[in-house]
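Colleague: Starting off with a structure, shown below.
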Amino acid sequence: MKHTLMAIALLSLSACFLSACGGEEASSADGRVHIEVNASGYEPAQVQATAGQPLTLVFTRTTDEGCGQELAIPAHDIRRRLPLDEPVEVTITPTEAGELRFTCGMDMYDGAIVVR
């Protein structure tokens, strides 16, 4: 009985830990992904993409808290202002598998485009 309770406790703790660490991941069949920029950063913070396929990220900043007023995708030399509550579209076509980072202007918030 003691071992069963210990196993249940460990599984529950592991599930809670992993759900908090993994973050949200998104992909879209139509090539558009909506990303909210809030006081915690980007939601979702990870996006799936396919090499050679256009991807449109639609960023909407929903708060004045934090440093989300500017977006940068360094690998594509992209920088955009993100006005409050206004969607801003950024379209890229990743050319090879790997990971592309996107960040706020101060490099404090970050996210990733995972290209397959």
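The values are calculated or read from the model by the stated rules, or taken from the named source; none is laboratory data. Worth saying up front: this structure is predicted, and the values here are computed from it rather than measured. Because the Cβ atoms are built from the backbone with ideal geometry, glycine has one as well, and the counts that use them run over all protein chains shown.
Colleague: Restricting attention to the stretch 28-36, does a residue exist that is assigned to a strand (DSSP E or B), modelled with pLDDT of 95 or more and exposed (fewer than 14 other Cβ atoms within 10 Å of the Cβ)? Before the answer, list the steps.
Modeller: Within the stretch 28-36, the subset assigned to a strand (DSSP E or B) is 32-36.
Add one more test, that the residue is modelled with pLDDT of 95 or more, and what stays is 32-36.
If we keep only those that are exposed (fewer than 14 other Cβ atoms within 10 Å of the Cβ) too, we end up with 32.
Checked against the condition, which is being assigned to a strand (DSSP E or B), modelled with pLDDT of 95 or more and exposed (fewer than 14 other Cβ atoms within 10 Å of the Cβ), the stretch 28-36 yields at least one hit.
Colleague: Just give me the residues in the stretch 64-76 being surrounded by fewer than 16 Cβ atoms within 10 Å (Cβ to Cβ) and either of a type in the set (Val, Ile, Thr) or under 20 Å from Gln48 (Cα atoms) (or both), in sequence order.
Modeller: Pro74, Ala75, His76
Colleague: While we're here: Determine the pairs where a residue that is surrounded by fewer than 16 Cβ atoms within 10 Å (Cβ to Cβ), located within the stretch 91-116, has a partner that is among the basic types (Lys, Arg) and not in a strand (DSSP E or B) with Cβ atoms under 7 Å apart, the partner being 6 or more residues away or on another chain.
Modeller: Ala97/Arg116
Colleague: Taking the stretch 41-69 as the region of interest, how many residues are of a type in the set (Asp, Glu) and in a strand (DSSP E or B)? Don't jump to the end; show me each part of the working.
Modeller: The initial filter retains those residues of the stretch 41-69 that are of a type in the set (Asp, Glu), namely 43, 64-65.
The next check asks that each one be in a strand (DSSP E or B); those that pass are 43.
Residues meeting the conditions: 1.
Colleague: Here's another thing I want to ask about it. Restrict the check to the stretch 41-60 and report whether at least one residue is crowded, with 16+ Cβ neighbours inside 10 Å and at pLDDT below 95.
Modeller: No.
Colleague: While we're here: Give the residues of the stretch 84-110 that are touching a Leu at 6+ places or on another chain (Cβ under 8 Å) and small (Gly, Ala, Ser), sorted by residue number. Explain how you work it out, then say what you get.
Modeller: Step one: list which residues in the stretch 84-110 are touching a Leu at 6+ places or on another chain (Cβ under 8 Å), which gives 88-94, 102-105.
The answer is Gly105, and nothing else.
Colleague: List the pairs whose first member sits in the stretch 39-66 and is closer than 13 Å to Pro87 by Cα and in contact (Cβ under 8 Å) with a residue 12 or more places away in the chain, whose second member is aromatic (Phe, Trp, Tyr) and surrounded by 16 or more Cβ atoms within 10 Å (Cβ to Cβ), and whose Cβ atoms are under 9 Å apart, counting only residues at least 6 apart or on separate chains?
Modeller: Going by the 9 Å Cβ cut-off, the qualifying pairs are Leu57/Phe102; Phe59/Tyr42; Phe59/Phe102.
Colleague: If a residue must be touching a Gly at 6+ places or on another chain (Cβ under 8 Å) and among the small types (Gly, Ala, Ser), how many such residues does the stretch 63-116 contain?
Modeller: Going through the stretch 63-116 one residue at a time, the tally reaches 4.
Colleague: On to the next question. Among the residues of the stretch 70-104, what is the count of those that are in a loop (DSSP other than H, G, I, E, B) and either within 13 Å of Gly41 (Cβ to Cβ) or acidic (Asp, Glu) (or both)? Spell out how you get there, then give the answer.
Modeller: If we filter the stretch 70-104 for residues that are in a loop (DSSP other than H, G, I, E, B), which is where we start, we get 77, 82-83, 85-87, 93-97.
Filter once more, keeping what is either within 13 Å of Gly41 (Cβ to Cβ) or acidic (Asp, Glu) (or both): 77, 82, 85-86, 96.
Qualifying residue count for the region: 5.
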